[in-house]
Amino acid sequence: MRRAGRLVLGIGALAVGVFALDRALPPDLSRLHSGVEVLDRHGRTLSTLPAPGGIWRLPTATADVPPHLVAMLVAAEDARFRWHPGVDPLALTRAAFQWVRAGRIVSGGSTLTMQAARLLEPRPRTLRSKAIEILRALQLEARFSKDEILGIWLTLAPQGGNLEGLRAGAFAWFGRAPGQLDAAESALLVALARRPEALRPDRHPEAARAARDAMLRHRAPGAGQVSPAERELALETPVPTARHPMPRLAPHLSRQLARNAAPGARIVTTLDRDLQRAAEALAEDRLLALSDHAAMAMVVAEIETREIRALVGGSFGVETRAGMLDLTRAVRSPGSAQKPFLYALAFEAGVARPETLVADLPFRFGSYAPENFSRDFVGRITAADALRQSLNLPAVALLSELGVLRYATALKLAGSPPRLARGAEPSLPLALGGAGTTLRELVALYALLGDAGRAAPLVALPGPPAERPEVVLPRAAAAVAGIMVNPFPGGGPQGVAWKTGTSWGGRDGWALGLDARHVAGVWVGRPDGTPIPGLTGRGAALPALAAIFARLPAAPRQPLAVRATPRPFAEAADRLRLLFPMPGAVLAEGGPVTLRAAGGRRPLVFLVDGAPLDHHRARREAAWVPPGPGFYRVTVLDADGVAAGAELRVR
């Protein structure tokens, strides 16, 4: 009994010592720090980013590879892997006997666990290194499951050049994820790990094929996962002779997400790989018709969730300095692309309605005298048609009556705060793109028009929906979206509301649109902001927008339509207001001036400096001849005593 007790104590002390040694000298797992992989919403690879040092190493688990690859690997490298504790005494004895008999190393006797230890901590091939590998293998077996140990091997096994791991090898040699590998491809990767440089198929295709075929003939049958017919078909398959580029869809967004990701992370996004690939190909194709150094950025999102489905950050070539810029986040002048939001806010506030007549005539707002893009004027026109034709004077007039600060505040609440020069204050040019915004913000702004006026930012990562902020345009959003539903020039999908914009000097061309499910935006310009002669949003960006909507999923997409306007909106639009002159207007001396009002209950009375004018009181217009230069106060009164007025100057 005393001897048995001492034996138990000795075993216990040895166990404690081994445990303490394991904790004092744990295996170094730092080489498992891998690159980042970015996935689409269905788990398909969009892009990969290398590990530090430019090594293509991506985490690979047994679940990531087909069962026949794991079975082939175990059959080739360590048939008793599932049963030994990390070291196979039979394999070591056989290796030692072969070494003594041949006078050289014939086989190493290494188990897959020992190989994993060597991959984690590479050392010269010596007896001392072998002893350390044995100890490390025992540690790994104590710390990890068999599948986790296989995962270490699958992640670190060399695949030639700067490729490590079978996930990186599958992308580089076959252009797809390892889960899709067939028997021939699996055999090549397993064989390649033994002598990665001597068997590189791009440099030594015959040697690579011979090694693969030997693996198929001698190891695949024992693996029990490959049928004779599959093996014969695999033997006839050629080996690749060149590397595929690593996956790099959505490179700008991928780099953005990878900056804050842990090494080896797999980041699931909201993007759709098929739509992303189509958007990138479309951008590259469209750029062929544009000037040198032009770039195109695109964003496609679902309206209900605000989830981004495709994002092209700028197809200028990501290797260049300019190509590294994500142009969906670049602050640019929107030109007329923000006008729909201005009209929606004006309708919401009762300043105008879609059928309200507005004047597109030469007019000065103080020192500001806007002109249309065409340099001509159309006269009286409805607000809806003024928006469709993107006329500038009516937009500025609406902003003048609405109030610049009110509009700027609404833009901020909607997630598109106007970026102004340092020290500048919002002013009337804000109606025509006089402040910066980004493509992502503009797309979110258009999504608001298709979502009953609710504001929410675009998102690229899945998650529970964020709390919706206050509804910005509860009544007018649908009306404005309906106004913008027009056929695409040159043909395209129906039921899409769209608008274009061009910034001053042809620096930025925009096209944005929405249907019942999706919202999309396209920007064209140069990354450095220099003008492109002749650039317009209609000519450069709109064809790409039409093509994007033509490629969107065919799942339910009913056309947009002008929905019935709630009564409170109509009541607000009926309030009395002075259409002309606008506050702060400056008129030239000479000739009569027609004062105009809208809303209110007739009869109306027009007054200038408190003196009533002689006119037909059932009408909403009155003629007035200024007596000379000076400042005047124009007022209109309705039958309920409601007043509206404006101050102007005649010179």
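Sort through 192, 257, 253 and tell me the only one that's more than 31 Å from the chain's Cα centre (by Cα) and of a type outside the set (S, T, N, Q). Selected residue: 192, the only one of 192, 257, 253 that is more than 31 Å from the chain's Cα centre (by Cα) and of a type outside the set (S, T, N, Q).
Taken over the stretch 118-143, the criterion of being free of Cβ contacts under 8 Å to residues at least 24 places away in the same chain, crowded, with 18+ Cβ neighbours inside 10 Å and under 44 Å from the mean Cα position of the chain (by Cα) is satisfied by 118 alone. The residue of the stretch 618-651 that is surrounded by the most Cβ atoms within 10 Å (Cβ to Cβ), among those that are basic (Lys, Arg) and in contact (Cβ under 8 Å) with a residue 60 or more places away in the chain, is 649. Scoring residue 441 on the criteria (1) out of contact with any Lys or Arg (no Cβ under 6 Å at 6 or more places or on another chain); (2) more than 16 Å from residue 339 (Cα to Cα); (3) charged (D, E, K, R) leaves a single failure, condition (2).
Scoring residue 533 on the criteria (1) modelled with pLDDT of 85 or more; (2) more than 27 Å from the chain's Cα centre (by Cα); (3) under 30 Å from residue 401 (Cα atoms) leaves a single failure, condition (3). Every condition in (1) surrounded by fewer than 22 Cβ atoms within 10 Å (Cβ to Cβ); (2) assigned to a helix (DSSP H, G or I) is met by residue 185 except one, and the failing one is (1).
Close contacts from the stretch 474-498, counting a first residue that is closer than 20 Å to residue 442 by Cβ and buried (at least 18 other Cβ atoms within 10 Å of the Cβ) and a second that is modelled with pLDDT under 95 and acidic (Asp, Glu), with Cβ to Cβ under 7 Å and a gap of 6+ residues or different chains, come to 476/348; 496/515. Tallying residues that are surrounded by 15 or more Cβ atoms within 10 Å (Cβ to Cβ), assigned to a loop (DSSP other than H, G, I, E, B) and small (Gly, Ala, Ser) within the stretch 367-391 yields 1. Entry remark, the stretch 279-298: residues being surrounded by fewer than 18 Cβ atoms within 10 Å (Cβ to Cβ) and under 19 Å from the mean Cα position of the chain (by Cα) number 2 in total. Of the residues screened, residue 435 is not one that is of a type outside the set (S, T, N, Q) and surrounded by fewer than 20 Cβ atoms within 10 Å (Cβ to Cβ). Just one of the numbered conditions (1) surrounded by fewer than 22 Cβ atoms within 10 Å (Cβ to Cβ); (2) within 30 Å of residue 256 (Cβ to Cβ) is not true of residue 416: (1). Elements of the type helices (runs of 4 or more DSSP H) sitting completely within the stretch 1-104 and holding at least 2 residues that are over 37 Å from the mean Cα position of the chain (by Cα) and at pLDDT 90 or above: these cover 67-77.
Residue-level analysis places residue 258 outside the set of residues that are among the aliphatic types (A, V, I, L, M), farther than 26 Å from residue 117 by Cβ and surrounded by fewer than 17 Cβ atoms within 10 Å (Cβ to Cβ). Within the stretch 392-412, does at least one residue satisfy the condition of being assigned to a helix (DSSP H, G or I), within 27 Å of the chain's Cα centre (by Cα) and acidic (Asp, Glu)? Looking through the stretch 392-412, none of the residues is assigned to a helix (DSSP H, G or I), within 27 Å of the chain's Cα centre (by Cα) and acidic (Asp, Glu).
The values are calculated or read from the model by the stated rules, or taken from the named source; none is laboratory data. The model shown is predicted, which means the values in this text are computed figures rather than measured ones. Heads up, the Cβs are rebuilt from the backbone with ideal geometry, glycines too, and the neighbour counts pull from every protein chain shown.
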